[in-house]
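Since the structure comes first, as structure tokens, the remarks are kept for the end.
The values are calculated or read from the model by the stated rules, or taken from the named source; none is laboratory data. Just so you know, these numbers come straight off a predicted model, no measurement behind them. Virtual Cβ from ideal backbone geometry, glycine too; neighbours counted across all protein chains shown.
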Amino acid sequence: MLEEMKALAKQQDICVLATVSGGKPHCSLMAYAIDDDCREIYMVTHRETSKYRNLIENPSVSLLIDNREEGAGAPDSAAKALTVSGLFQRIDEEHKREHARAKLMEKHPHLREFIDHPDAELLCIKVVSYLLLTGLTDSHFETL
């Protein structure tokens, strides 16, 4: 089942990022890229955003990745939703920053100007667990 979870994470490129600060949740639609073993998810944001301030205050996050754009509402297909629990980590090492940037540029070349902006911050989310829901009731949980 873990391989199915990883496949969904690799197939998609947009997720909802949920952060929390002071007990108040905040959701953001985000472009992302994932590393080859599906243990790190990379995103980019500007430092003056609510999501970035929330991540600095509370590194625990939840991501929602789904297949709704692929006709999941069709009668012969089941909607899939992958909830990823993770921890935000700063990317301090230059080679790791370059790796994250390359992954994002490969998946989202249209974001070049945004990624190269002086206020942009590359984000790394270390995956803690995956929860896959297929249809209304079939769920599977995996801790990494």
Inspect all residues belonging to the range 54-72 and state whether any of them is among the acidic types (Asp, Glu), modelled with pLDDT of 90 or more and farther than 22 Å from ARG97 by Cα.
yes
Give the residue that is surrounded by the fewest Cβ atoms within 10 Å (Cβ to Cβ), with candidates limited to residues of the range 1-22 that are among the hydrophobic types (A, V, I, L, M, F, W, C) and in contact with a Lys or Arg (Cβ under 7 Å, 6 or more places away or on another chain).
LEU8
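Yes/no per residue for (1) farther than 12 Å from LEU63 by Cβ; (2) not in a helix (DSSP H, G or I):
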residue: GLU3; (1), (2): yes, no
residue: ALA7; (1), (2): yes, no
residue: CYS15; (1), (2): no, yes
residue: ALA18; (1), (2): no, yes
residue: HIS26; (1), (2): yes, yes
residue: ASP37; (1), (2): yes, yes
residue: MET43; (1), (2): no, yes
For the range 107-141, enumerate the residues that are surrounded by fewer than 14 Cβ atoms within 10 Å (Cβ to Cβ) and more than 24 Å from ALA79 (Cβ to Cβ).
PRO109, HIS110, ARG112, GLU113, ASP116, HIS117, PRO118, ASP119
Being part of a strand (DSSP E or B), within 20 Å of ALA120 (Cα to Cα) and either touching a strand residue (DSSP E or B) at 6+ places or on another chain (Cβ under 8 Å) or not polar (S, T, N, Q) (or both) is the requirement here; does TYR52 meet it?
no
Can you tell which of HIS117, HIS99, HIS108 is under 14 Å from MET30 (Cα atoms) and at pLDDT 95 or above?
HIS108
Subset of the range 13-47 [free of Cβ contacts under 8 Å to residues at least 60 places away in the same chain, farther than 26 Å from THR143 by Cβ and of a type in the set (A, V, I, L, M, F, W, C)]
LEU29
Lone unmet requirement of (1) under 25 Å from VAL20 (Cβ atoms); (2) free of Cβ contacts under 8 Å to residues at least 60 places away in the same chain for ARG97:
(1)
